[in-house]
1. For the pair residue 293 and residue 278, how long in nm is the line joining their label points, each one 7 Å along Cα→Cβ?
2. Got a sec? Which residues in region 277-303 would a label at residue 190 touch, if it sits 7 Å along Cα→Cβ and we count backbone N under 20 Å?
3. Mind listing the long-range amide H neighbours of residue 201? Cut-off is under 5 Å, sequence gap 5 or more, other chains count too, H placed in the peptide plane at 1.01 Å from N.
4. With just the Cα atoms defining each centre, how far is region 168-203 from region 76-149? Give it in Å.
5. Over all directions, average the projected area of the Cα convex hull of region 123-176 and note it in nm².
6. Taking a temperature of 37 °C and a viscosity of 0.692 mPa s, what whole-number D in µm²/s does Stokes-Einstein yield for region 81-177 with Rh from Kirkwood over alpha carbon pairs?
7. Can you check what the net charge comes to around residue 164, using other residues whose Cβ is under 10 Å from the Cβ of residue 164 (Lys, Arg +1; Asp, Glu -1)?
8. Calculate, for residue 54 and residue 313, the FRET efficiency according to 1/(1 + (r/R0)^6) with r their C-beta to C-beta distance and R0 35 Å; round to the nearest 0.05.
Amino acid sequence: MRDEGRPMQRRDVLTGLLAGALGATMPGRAQAVTPEDSAREYQRQAMAPFPLKLIETTGDNALAKWQELKAAGQGTPVVLGGEDEHQSLGNLLTPFAPHGPYGPPLRPVEDILRDAASIRFPDDFIQRSKDSNEAAIRQFKEMLAAKPDMPLPVITESKDGQPRTLTRDETIAAMLGSGREPPLGDWPDTTDAMDGLSVVTDYRTGQPLKKVIIGLAPTDDWTTIPAILRWGHWNGCPKPEEHVAAFRSWRDRYGAELVAITSDVINLRVTRRPQTRDEALALAREHYVYCPDNIDQGVGTFSALAAALMSSDWWYFWWD
């Protein structure tokens, strides 16, 4: 599974924008505003409208605290991740941060939920993925026809443990085939255990984080949390309404429940695992159209993911 704690470029961009905004509103002090000042002001302004109540706990107590808050019935808890010099609420604050007079207003939660109700999961995701791949390949062909010597990315592959750079013809072939599905693969003899509640562990040391934040959402329907947080629609991550639609489908069929949602990771826990290999493979394909990196940058084949889904109550998703 993927590591938590990657750099948060979107926050860096917004911090820079905020620094510019602060400079514009305080001309006499524009040069005195440091990145640290900007980051603190960014967080202060974003926290004011943040819709979840925040509770601090520790990594080793996070799941127990989540269960305690759930049993209390005064909102829906969700683990938001760790907070230290390497991890923070980060991009969870992005929709609520100051964007200036030209930034988009927050979409009403009701509008997001209305749109979610019209989405057929996984059918609409499958069609969207197909349409997107076809459009990208068509555009690449047009660019290549207009400029046959156009620069191409450097692509390397590993064979027998040795890296090799693809030739130009091989690179073109790889790019034209980029919309193909991952391989089915052989069913594994053994399966690595899923990470469980992965977001409360320091990926560098494997130790529980000293400080973890749990958010308490003002709802008794956990599937609405992506809408409340306006979470998604960046770097291939589904839109908030698409998360809601996927969550509701998995809730109804697998007893799925959201336990954690951080800047770029989701941890779901299920009460019903797929019962057969065919069912698990179909579910793995759903996971792939929802989050391709689980296979493309993770386990590598549908069979490997399907086997993991049959052996664990925890599902993990990550978007770069």
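1. Label at residue 293, label at residue 278, 3.4 nm between them.
2. Correct set: 299-301, 303.
3. 209
4. One Cα centre to the other: 21 Å.
5. One quarter of the hull surface, i.e. the mean projection, equals 4.9 nm².
6. Details: Rh = 18.8 Å.
D, rounded to a whole number, is 175 µm²/s.
7. So the surrounding residues net to -2.
8. Working: r = 27 Å, r/R0 = 0.76.
That gives a FRET efficiency of 0.85.
Computed from the coordinates by the stated procedures, all read-outs in this text should not be read as laboratory data. As the structure is a prediction and not an experimental result, all values here were calculated from the model. Positions of Cβ are backbone-derived with ideal geometry, glycine not excepted, and every protein chain shown enters the neighbour counts.
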